[in-house]
Each structure stands twice: as structure tokens, then as C-alpha cells.
Amino acid sequence: MIRKYAVGSPLETYAVVEKLETQTCEIPYLKMEDDGKKLSMQLDPDAVVYGLGEQVRGINKRGWIYVSDNADDPNHTEGKHALYGAHNFLLIDGTVTFGLFLDTPGKVTFDIGYTSYDQMIITFENPDYDCYVIEADAQNEKANAGCAMQIVHEFRGLIGRSYIPPKWAFGFGQSRWGYKNSTDIREIVKQYREHNIPLDSVYLDIDYMDHFKDFTIDGQAFPDFPEFVREMKKEQIHLVPIIDAGVKIEKGYPVYEEGMANGYFCKGEDGKPFTAAVWPGKVHFPDVLNEEVRQWFGNWYKVLLNQGIEGFWNDMNEPAIFYSEQHLKEVFEQLEDYRDKELDIWSFFELKNLIGGIDNRAEDYASFYHNYEGQKIRHDLVHNLYGYNMTKAAGEAFERLSPDKRVLLFSRASYIGMHRYGGIWTGDNQSWWSHIALSMKQMAGLNMCGFLYSGSDIGGFGSDCTPDLLLRWLEFGIFTPLMRNHAALGTRSQEAFCFDRKEAADLIGLRYMLLPYIYSEYMKAALNDTMYFRPLAFDYPDNVRARHIEDQLCVGESIMIAPVCEQNAVGRNVYLPEEMKLYRFRSMADFDTEVLAEGDHYLRVNLHEVLIFVKPEHIVPIVTGQIMNVEEEPSFADQCKVLSFVEKDSASYRWYDDDGYTRNYDMEKRMRTVTVDHSGKVTIV
Ligand code: MIG
């Protein structure tokens, strides 16, 4: 059951697709103070607080303070409070269990046991918000456990169906900031093919553009781009270009000219387009909060669709600002004060902050405006909606421009609601062990909020990757719907062929082996409003131990995973909430199995091994063979191979499959029942 409450005069964000009556009574469970600026509640000692999507720290968010304030921040350390997304959904699971969605585009602070471990305090910079309280239907004092999945399911119904990418986007992708031209990209593909490592896509970072201008191609680097796209497609490689939020100011550049002629850019106090600087130098930001601008900006993607492109990633859409024209002037003026001065400790830090603080400034975000549904609204009040609406512009355009064929789309900045138009990647992580673990935890939170198509930069974006780190990261990455290796300019090369090629090929091969399962489970999660990645407690609600497990996840309905995220570890402790069958894979052809009892186990996990724990009476459809890309993937229906743990007479699995391209997702027509009997015999009905 979902109840809606309104505080102040909330702005429509279009996060929610179901319109509910607003309740007039008080919000349950929470104490409201300060005219709605503050909501708080007591947390009982054992309560777990899930949610917040893409954030730092644990699956259980207790013990830290988080802020919804979309940030271009490449340092995802534990001390941070905000990353690129604003996902104001919480699930409090204690003596009372309920979900809470705070729909507001402004800044929200979630003190979840930070000031005091037994208190949650939510504060709003502007107390104008819709508050949704979600309870499981069968709730009674005793039967709280088991509500979590039901609550998320209800919430997901409220916010609408998750984005579905084309099937090839479940293949492995290679990316790197710094592939300069078609020669570089051909070489990457060649290396992959030579070393028999499967690959479905190569990403084009900003280097492909002409002077970082959106919807242009550097003609020198890519002399005949459409032909190059065709050439790659013949190799079964899909090219995925990046699009940035800022539009370069340049006379004669049509995106700029059209935007200017129609007044489509965000404006400053003076009514003139607001000028910031990002990659291309000075830019204006398209006012994507405005519907007409969204249509216009979205249509520009056609330029690339027409050249054969089938997927995009939207970047820098917090929006990131290197500096604003106005503030840079001020900085230069203030710098004069420091000339010839002997700096003491205070003036030294002032100077340092003056220069170091020119990017992504709160004051700059408060200095330009949107034309939102006829209202002039200052950017900082709707800051968290920008990336969402840039991606919505693209997503809506694809529905018009490519009505029959799905287009891959994911974004860096996001807000709940964007999950209907695209996925997200988790941004600029580092080649750190702790960031494998972080990405695991983020997947759980993101899935609750509807962001199913997601993944982190495998191998790490910043810093230098190492051979062992890449293998361990792949061992988790083979389960993330978006499986992409990406790295920053200037870092050590970390493509799968760089280090232990054979092992990397085997690991990526396992992804393709599991594709029938991964795709089926993804589609079921999207079409049924459920979660592909789940914390253990969602599946084992009565199990007290499961509530506090942060480093294992359930993936789809049949399996649990327990990746190794520690340097030099040769094994790890794994907790089994019930008896399971362990498949220990070294490659598709090289694996062994063992049934493990419920409880604690220390398991050895060599550097290139993947552990898959199959639940009792469960089935995982797979395919085997030399699979180099999704297109050439054999059909499960032809091979009828499974991983399974069947001790009773037989078990069954609902297997979803479709053509992978069209937008007809008829669940009933595309679902088949797979049965495996005790002897291992597989039948498909
Ligand atoms: O300021 O396009 O997160 O994936 O490689 C860096 C260059 C801009 C940030 C993205 C990253 C991408 C990079 N971009």
C-alpha cells in the first residue's frame, strides 16, 4: 500500500507515473519539525536501512550522512556524501518496515545514524516535497520480515518500468578515454579477436568529436565515419559514442546556432545564456527541463543514429562546470590581492581555495535559470533533475526516431524516473580493491530504485590497474548487466588482453555462458518490477545473519555470488543461508561442483576462479562453446544446458527470451518453462 503526502508546494519531477490522492493526515512513523524541513525517527538497534541508490558505503546505509546533490566527483571515498545521482528512496527494516520516497529536486540530507546511531534525521533545504510511504500489504507486527521485496516491488510500480537495452548491450564492452581514431579502435578489436576474447562493443569517448562538439565527428580521426561504423558492425562490434551536456559556443556550429536562435539555453540573471566552461571551452547548457528543448536536443541524436550508431552514454550532466565565465573574472581580480604578498598559513589556504575551488561551485549553480513548465526556476533548486532530463530527451527521441528498435542509453547523473529512459554507470571510480566492493553494494541500492542496467568501470577508471585486480573485477563484472572495461586518459592500459589474456578470456567467456540466464533474469526484473541484484535478506527474510551480509548478493532467482574483493586473498568466508550447490568455474569447460551445507565456510578462490552458488531446486540456463559475441550466441533451446541443484523429483525455471532488438516485450508469449529432473534431464515446454 502506498500513501502520498505533500509538504509545501512540491514541484512535479515526473519521477512517479501513478498519480495518487494526497493524504491529509500526518505522515506515519516520522516526526515532522520546522515546517517540514526535518523528518526524523528512532531506529531500533537491529534496524537495517536500505536504499539511496548510487551512494558511498554499505548496503545498509546506517552509520553515515548522505546528501542528494548530484556531483561530478571522481573521488569515491568513504568520506564523501554525494555522488552523481539523487535517489531519495529508503527502506527501513526494523520493528516497523516501510519504504520512503521523497520526491524533490533539491538538496536532501539523510543522517542515518550519523549524529546518533539510533536516529534517522532527514533534512530538506527547501521543504517542498512529495513523500510516499510504502508498506507491504500483509504487514502485521510479526510478519514484518519478507516485506522488503514487496515494498520495493510496490515502489517500482509507482515509478514505472525500468529501461530495457538491446541484447547486444549485455555483451562485454571495451572503453578508454584516449582512443584517438579509427586506427586505435581497429587495433583494439584486432587484439580482442586475436586473443579470442569475446567483445560486443567499443565505446567512443570525447576524443571522437570535433573539438568536443556534441553530434560532430572529428573528420581527420574518422575520415568516413558511417563506413567505419559499418566495418565494425561486420565484425559484430557496436560503437557507442559519448554525449556531453555542454554545447560549445562557436559561430556556425548548428547546435549552438539553433539553440541561440530559439532561446534554448539556460539563462543567467541578465536573461542572456549562461556561460560555463567544460571540455570544448566555453559552453551553454541546453535547458532540458523544458519540453520543447528536450525534443530539440533529443532530435540531434539522429545525426549519429543516421550514421549507424545504436547506443550512447551521456556524460558531464550533473552538469559539471570547470568554471563559469563570471566567476573566473572574479578570481583573476582577487588574485591581484595576493601578488607580492608574503602568504601566511591562512592566506595561503585562501589562495589555494580560490584557485582550487573554481569548478562545480554551489554559487554557479545558483546563478542560472530554467524555463520549467512556464516558470522561471533557479538551477540549484532543480539541480538533481538535469542529467535525468538530458537522458529523458534522448530516450524520448529514440521512441520517436527508432520506434521498433531499442537503443542503448546510459547516463552519469540521474534522478529516480530516469530509470525509465536509460541505465547508469557508476562514474569515475579508481583501480582500487575497495571499489570492487563498493560497486557491489551500489548495485543492490540501484536495483531498488529501478536502475537495473548498470555497472561500474571494470578495472577502475582512475589510477593504474594491476593484473590481479582486473581478474577479480571481471569475476564480479560478469554478473553486472552493463559489463564494460573503462579507464581514464593517462592511466596504464587495462584491456582484457593486456595482462593474463587466457584467464581474462575464460572469465569473459563465462559471461557469455551465463547470458541466457542473465538476460532472462534482467527482463523478468524489468517487466515485473523486481530486482536483479538483491541483498541476501530480501531472499531470506527470517534469517538474522543474512540481514548483515554486505559482500554477497543474490543475482536473479537462482544464484548467490560472493566475489573476492581483497588484494592477495586466496579465498574468503562465505555464509550460506541454506544448503547450496557450488559451481567453481575456471572456464566454461573446466569446473567442479560440491554441495555445501547451510552455514559458514572458508572457501579457496584462486585468482581466475568464479564461484556460483545455486539455490536448492533452482536452475540456471546456460550455453557453451566458442562464443565471441551476443549475435552469434547459440540458443539455449538448442543446447538445453543448465547449472542446477535439483534433489526433489524435478524443478522448473521460467525462461524469458526474445529477439533482443524489438520493443515488444510480451512476457507470456516469450516465457517458456524449463524443467530439470533429478537425473539432470532438461525439457523445455
Ligand atoms: O572530466 O570524457 O565519467 O567516463 O572518460 C572527465 C572523459 C570527463 C568523465 C566520465 C569518464 C570519461 C571522461 N569524463
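Looking only at segment 193-225, filter to residues that are within 26 Å of the chain's Cα centre (by Cα) and away from the ligand (no atom under 16 Å from the Cβ); which one of those is nearest to N314 (Cα to Cα)? Show your work before the answer.
First pass over segment 193-225, keeping only residues within 26 Å of the chain's Cα centre (by Cα): 197-209, 212-215.
Pick out the ones that are also away from the ligand (no atom under 16 Å from the Cβ) and you get 197-200.
Working: I197: 27, P198: 25, L199: 22, D200: 19 Å.
Across segment 193-225, the extreme among qualifying residues is D200.
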**OP:** Evaluate the following for A86: is it open to solvent by 10 Å² or more (accessible area, probe 1.4 Å) and among the hydrophobic types (A, V, I, L, M, F, W, C)?
**Re:** no
Original post:
If S347 satisfies every condition in (1) more than 24 Å from Y84 (Cβ to Cβ); (2) open to solvent by 20 Å² or more (accessible area, probe 1.4 Å); (3) over 27 Å from the mean Cα position of the chain (by Cα) but one, which is the exception?
Top reply: (2)
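Just give me the residues in segment 570-593 being within 13 Å of L643 (Cβ to Cβ), open to solvent by 20 Å² or more (accessible area, probe 1.4 Å) and assigned to a strand (DSSP E or B), in sequence order.
Going residue by residue through segment 570-593, those that are within 13 Å of L643 (Cβ to Cβ) are 580-585, 588, 591-593.
Those still in the list that are open to solvent by 20 Å² or more (accessible area, probe 1.4 Å) too: 581, 584, 588, 591-593.
Within segment 570-593, K581, R584, F591, D592, T593 qualify.
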**OP:** Only residues in segment 484-499 that are in a loop (DSSP other than H, G, I, E, B) and modelled with pLDDT of 95 or more count as the first member; pair them with residues that are more than 10 Å from the ligand (Cβ to nearest atom) and among the aromatic types (F, W, Y), Cβ under 9 angstrom, at least 6 apart or cross-chain, and list the lot.
**Re:** E495/Y192; A496/F172; A496/Y192; F497/Y192
Subject >> Count of segment 488-503 residues which are out of contact with any Phe, Trp or Tyr (no Cβ under 6 Å at 6 or more places or on another chain), open to solvent by less than 40 Å² (accessible area, probe 1.4 Å) and within 16 Å of the ligand (Cβ to nearest atom) >> reply: 3
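Taking only segment 373-421 into account, find how many residues are aromatic (F, W, Y), more than 16 Å from the ligand (Cβ to nearest atom) and either open to solvent by 10 Å² or more (accessible area, probe 1.4 Å) or more than 23 Å from L11 (Cα to Cα) (or both).
To start, the set of residues in segment 373-421 that are aromatic (F, W, Y) comprises 386, 388, 398, 410, 415, 421.
Subset that is more than 16 Å from the ligand (Cβ to nearest atom): 388, 398, 415, 421.
Cutting the leftovers down to either open to solvent by 10 Å² or more (accessible area, probe 1.4 Å) or more than 23 Å from L11 (Cα to Cα) (or both) gives us 398, 421.
Selection size over segment 373-421: 2.
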Original post:
Within segment 441-468, restricting attention to residues that are surrounded by fewer than 23 Cβ atoms within 10 Å (Cβ to Cβ) and in contact (Cβ under 8 Å) with a residue 60 or more places away in the chain, which residue is farthest from the ligand (Cβ to nearest atom)?
Top reply: D468
Original post:
Given the conditions (1) in contact (Cβ under 8 Å) with a residue 40 or more places away in the chain; (2) out of contact with any Cys (no Cβ under 7 Å at 6 or more places or on another chain), which single one is not true for M560?
Top reply: (2)
Subject >> Selection from segment 258-281 of residues that are open to solvent by 20 Å² or more (accessible area, probe 1.4 Å) and within 16 Å of the ligand (Cβ to nearest atom) >> reply: W279, G281
**OP:** Could you list, in sequence order, all residues of segment 632-664 that are open to solvent by less than 40 Å² (accessible area, probe 1.4 Å), in a loop (DSSP other than H, G, I, E, B) and of a type in the set (F, W, Y)?
**Re:** none
**OP:** Identify the residue in segment 236-249 that is assigned to a loop (DSSP other than H, G, I, E, B) and buried (at least 22 other Cβ atoms within 10 Å of the Cβ) and, among all such residues, is farthest from the ligand (Cβ to nearest atom).
**Re:** I237
**OP:** Mind listing whichever residues of segment 168-192 are part of a helix (DSSP H, G or I) and away from the ligand (no atom under 16 Å from the Cβ)?
**Re:** W168, A169, F170, S182, T183, R186, E187, V189, K190, Q191, Y192
Original post:
So which of I206, I164, I151 ends up being farther than 30 Å from E18 by Cβ and among the aliphatic types (A, V, I, L, M)?
Top reply: I206
Subject >> Members of segment 306-319 that are out of contact with any helix residue (DSSP H, G or I) (no Cβ under 6 Å at 6 or more places or on another chain) and either part of a helix (DSSP H, G or I) or open to solvent by 10 Å² or more (accessible area, probe 1.4 Å) (or both) >> reply: N306, E310, D315, M316
**OP:** Search segment 128-147 for residues being of a type in the set (A, V, I, L, M, F, W, C) and modelled with pLDDT of 95 or more, and hand back the single one that is farthest from the ligand (Cβ to nearest atom).
**Re:** V133
Original post:
small (G, A, S), under 28 Å from R406 (Cα atoms) and away from the ligand (no atom under 16 Å from the Cβ): does that describe G308?
Top reply: yes
Subject >> Unmet criterion (only one of (1) more than 28 Å from the chain's Cα centre (by Cα); (2) surrounded by fewer than 16 Cβ atoms within 10 Å (Cβ to Cβ)) for K233 >> reply: (1)
Original post:
Quick check, is I436 away from the ligand (no atom under 16 Å from the Cβ) and more than 26 Å from L328 (Cα to Cα)?
Top reply: yes
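Might you check whether a residue that is touching a strand residue (DSSP E or B) at 6+ places or on another chain (Cβ under 7 Å), aromatic (F, W, Y) and either open to solvent by 10 Å² or more (accessible area, probe 1.4 Å) or farther than 30 Å from D659 by Cα (or both) occurs anywhere in segment 608-629? Steps first, answer last, please.
Within segment 608-629, the subset touching a strand residue (DSSP E or B) at 6+ places or on another chain (Cβ under 7 Å) is 609-624.
If we keep only those that are aromatic (F, W, Y) as well, we get 613.
Narrowing further to those that are either open to solvent by 10 Å² or more (accessible area, probe 1.4 Å) or farther than 30 Å from D659 by Cα (or both): none.
Checking segment 608-629: not a single residue is touching a strand residue (DSSP E or B) at 6+ places or on another chain (Cβ under 7 Å), aromatic (F, W, Y) and either open to solvent by 10 Å² or more (accessible area, probe 1.4 Å) or farther than 30 Å from D659 by Cα (or both).
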Original post:
Only one residue in K31, K61, K38 is within 22 Å of N384 (Cα to Cα), open to solvent by 40 Å² or more (accessible area, probe 1.4 Å) and not aromatic (F, W, Y). Which one?
Top reply: K38
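The values are calculated or read from the model by the stated rules, or taken from the named source; none is laboratory data. Keep in mind that this is a model prediction, so the values were computed, not measured. No Cβ is skipped: glycine too gets one built from the backbone with ideal geometry, and neighbour counts run over all protein chains shown. Note: accessible area is taken over every heavy atom of the protein model, side chains too, but ligands, DNA and RNA are not part of it. Shrake-Rupley method; radii C 1.70, N 1.55, O 1.52, S 1.80 Å.
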